[in-house]
Each structure stands twice: as C-alpha cells, then as structure tokens.
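The values are calculated or read from the model by the stated rules, or taken from the named source; none is laboratory data. These figures come from a predicted structure and were not determined experimentally. All Cβ positions, glycine included, derive from the backbone under ideal geometry; neighbour counts span all protein chains shown. Accessible surface areas use protein heavy atoms only, side chains included; no ligands, DNA or RNA. Shrake-Rupley method; radii C 1.70, N 1.55, O 1.52, S 1.80 Å.
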Amino acid sequence: TVTLGSTNTTSATAVQSGSGALTLTSTNGAMTLASGTGTIGISADAAATTVNVGTGAGVKTVTLGSTNTTSPTTVQSGSGALNITSANGAITVASGTGTIGISADAAATTVNVGTGAGVKTVTVGSTNTTSPTTVQSGTGALNITATNGAMTLASGTGAMAISADAAATTLTIGT
C-alpha cells in the first residue's frame, strides 16, 4: 500500500508531470477518484485537448451521472457537433415523468428523425390508455407522404375531423 498526501485538515497533494506524460494504472483493481464535496475537473484548463473515456479495445460499461434524487447531468458541445452512436445496439432516452425536449430552443433548426438511407420504422406516440399525440406546424405547411405505400388514418371509435375549424379552407382529395 502506498499513500501519498494527508487527509489532515487543509493538506493538499499535487502529482505533476511535464510533457513526458502521467499514467495511472490499476491492474484488475478498482480505481476511484473522489473529492468529497469538491469539484473533480478533467481537462478543465484552457488547452485544446482530446478527452477519451472508455475508448480502449475491451468491452466497456460507461456510466455518466447519478440517479440519486435531484442529481443533474449535462452533456454539452460547442459548434463542433455532439454525436451519439450505438453500433447495432439500442439508444434509449427516458425521463420518467419529466419532459423530453429535442430542439426545444428558439433557434431555427432542421430536425431529422429516421431519415437515413437504410429501411427505418418510425413510431411516434403511444397507444397506452389516454395518451394524446399532437403533430403541428406553423405557416410553413405540414406534409405527410407515403411513396407507393399505404397511408392509413384510423380513429377507432373516436371522431375524425378534417379542416374542422372556423377557417375558410380548400380541401382537395384525389387530384
């Protein structure tokens, strides 16, 4: 067992390296960084660096954040993009009872869902009990296209309304 530093009152410990690198290795044992109530900074300086976490050739499980009470987790990126990739595995975003916002800011953006070249099955909404689904647009139009495939609108036992508001509307079918 090797101990560096002291836990006595305000004692500080610095481990430094020049340009020759600093490597910390734990062979088959746990490695823990804990700061009590202090902040842990990794690459928290002003230098342009690449930070790799869990990128080695072995199978890795990477956990980011905590599910403990009101713990927040922020993943952010500058203008260089934020990419989330799962090679043949599922990607799940779940919020419990909270709201999930995608492009929920005031910026003018294009949002693409299921637009890649491969065959995609896209499901929007839930059939669970009284779950509502709203698809809306501003004055820029709402286009629904089925290219050579069937398009079905079914309301079960509920009413179906087309242009049922008070506005004067032209309705064109089968032209």
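Values computed for the structure shown
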quantity	calculated
Pair list, Cβ under 8 Å, 6 or more apart: the stretch 40-68 residue surrounded by 10 or more Cβ atoms within 10 Å (Cβ to Cβ), other residue in a loop (DSSP other than H, G, I, E, B) and small (G, A, S)	G65/S71
Cross-chain or 6+ apart pairs with Cβ under 8 Å, the stretch 109-124 first and closer than 16 Å to A81 by Cβ, then in a loop (DSSP other than H, G, I, E, B) and open to solvent by 80 Å² or more (accessible area, probe 1.4 Å)	V111/I102
Test: residue in the stretch 80-87 that is assigned to a loop (DSSP other than H, G, I, E, B), open to solvent by less than 100 Å² (accessible area, probe 1.4 Å), of a type in the set (S, T, N, Q) and farther than 28 Å from T109 by Cα	no
From G101, G114, residue being closer than 20 Å to G65 by Cα and modelled with pLDDT of 90 or more	G101
Where a residue in the stretch 130-144 is closer than 15 Å to A154 by Cα and its partner, wherever it lies, is open to solvent by less than 60 Å² (accessible area, probe 1.4 Å), with Cβ under 7 Å and at least six apart	T133/G125
Failed item, numbered, when T147 is tested on (1) open to solvent by 100 Å² or more (accessible area, probe 1.4 Å); (2) polar (S, T, N, Q); (3) at pLDDT 90 or above	(3)
Near pairs, Cβ below 6 angstrom, 6+ apart or cross-chain, from the stretch 9-21 (within 21 Å of S35 (Cα to Cα)) to any residue that is of a type outside the set (S, T, N, Q) and in a loop (DSSP other than H, G, I, E, B)	T13/L4; T13/G5
Residue count for the stretch 64-105, restricted to those that are of a type outside the set (G, A, S) and closer than 21 Å to K120 by Cα	8
Hey, A57 out of contact with any strand residue (DSSP E or B) (no Cβ under 8 Å at 6 or more places or on another chain) and either within 30 Å of T145 (Cβ to Cβ) or modelled with pLDDT under 90 (or both) or not	no
Unique match (being more than 30 Å from N68 (Cα to Cα), at pLDDT below 90, over 19 Å from the mean Cα position of the chain (by Cα) and not acidic (D, E)) among T175, T133, T121	T175
